[in-house]
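*Asks:* This is the structure, below, for whatever I ask next.
We did not get these values from a lab; they are worked out from the coordinates using the rules stated. Being a predicted model, the structure only gives us computed values, none of them experimental. Here the Cβ positions follow ideal geometry from the backbone for every residue, glycine too, while neighbour counts run over all protein chains shown.
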Amino acid sequence: MTGSGKVDQNQFGFSTHEYRICSIRAVDGKGLTTTLFSIGAPPHREPTLLRFGDSFRLQVDYECLMAELPDVSCGVAAALTRTGDMQHITYFNTNYPHSDEEMQSYYKQEFRQYIGRRGTVEAYIPKLQLKPDQYLLTVGILPNRPTIHEFYELHYLEYPVAVLSDGPDIPAAFYPNVKFRCEPL
């Protein structure tokens with residue numbers, strides 16, 4: 001909840017009516033765009049197909065509904081939850097600082113600069129490393145402040161995603177980007 005204190009349930013989760021999500025798009029590694037949500041259209045309910053190791057972009061268009069623009073930019077947070085056991089597998093956001101170094105220049109980060117009436121926030125994962133499985137995508141917009149999440153609008157567990165792979169089975173839920181080194185003692 002943010003400044004106005006007014007929170008309403010909506011068909012996707014909740015909204016403060018301070019900002020709203022106008023559309024949500026997923027772009028796979030081949031550049032195929034799937035519109036998951038767009039105001040006035042029914043939400044996309046077929047699983048969006050993504051491939052292990054390919055890139056993934058999440059694009060969220062938003063609009064500020066407040067009379068005055070806030071002093072911070074609008075950000076995004078998203079999570080993928082495995083449907084088989086409802087385990088939260090991965091999560092990413094623009095508002096939490098991701099290192100001590102980033103905390104020193106928190107508001108100078110490029111993705112926290114734009115403050116405007118309408119905008120797009122894009123999250124880019126160059127190599128998706130989730131175990132091939134079925135997931136539900138959660139998407140929310142929030143103020144970019146280095147504090148707890150105070151969502152403007154949240155679409156909770158709304159959009160089905162299927163991660164596919166042409167390779168061998170991956171035994172873990174998440175495969176990290178690891179660089180190994182071996183040298184003599």
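*Asks:* Highest first, please rank the peptides 106-114, 80-88 by the mean number of other Cβ atoms sitting within 10 Å of their residues. Walk me through the numbers before you get to the answer.
*Replies:* Values: 106-114: 12.3, 80-88: 14.6.
For the peptides 106-114, 80-88, the packing ranking is 80-88, 106-114.
*Asks:* Can you show me the helix-derived [θ] at 222 nm for the chain, built from DSSP H runs with n ≥ 4 at -39,500 (n - 2.57) apiece and divided by the number of residues, rounded to the nearest 500. If you can, show how the numbers build up before the last one.
*Replies:* Values: 1 runs with 5 residues, N = 185.
Rounded to the nearest 500, it is -500 deg cm²/dmol.
*Asks:* Which of the listed residues, GLN104, GLY13, THR33, is farthest toward the dipole's positive end in the chain, when Lys, Arg count +1 and Asp, Glu count -1 at the beta-carbon?
*Replies:* THR33
*Asks:* How high is the relative contact order of the chain, in percent, counting Cα pairs under 8 Å that sit 6 or more residues apart?
*Replies:* Numbers: 405 pairs, mean separation 50.5, N = 185.
In percent, rounded to a whole number, it is 27.
*Asks:* For the chain, report the % of Cα-Cα distances exceeding 28 Å. Intermediate results must be reported in sequence, preceding the final value.
*Replies:* On the way: 4920 of 17020 pairs.
It works out to 29 percent of all Cα pairs.
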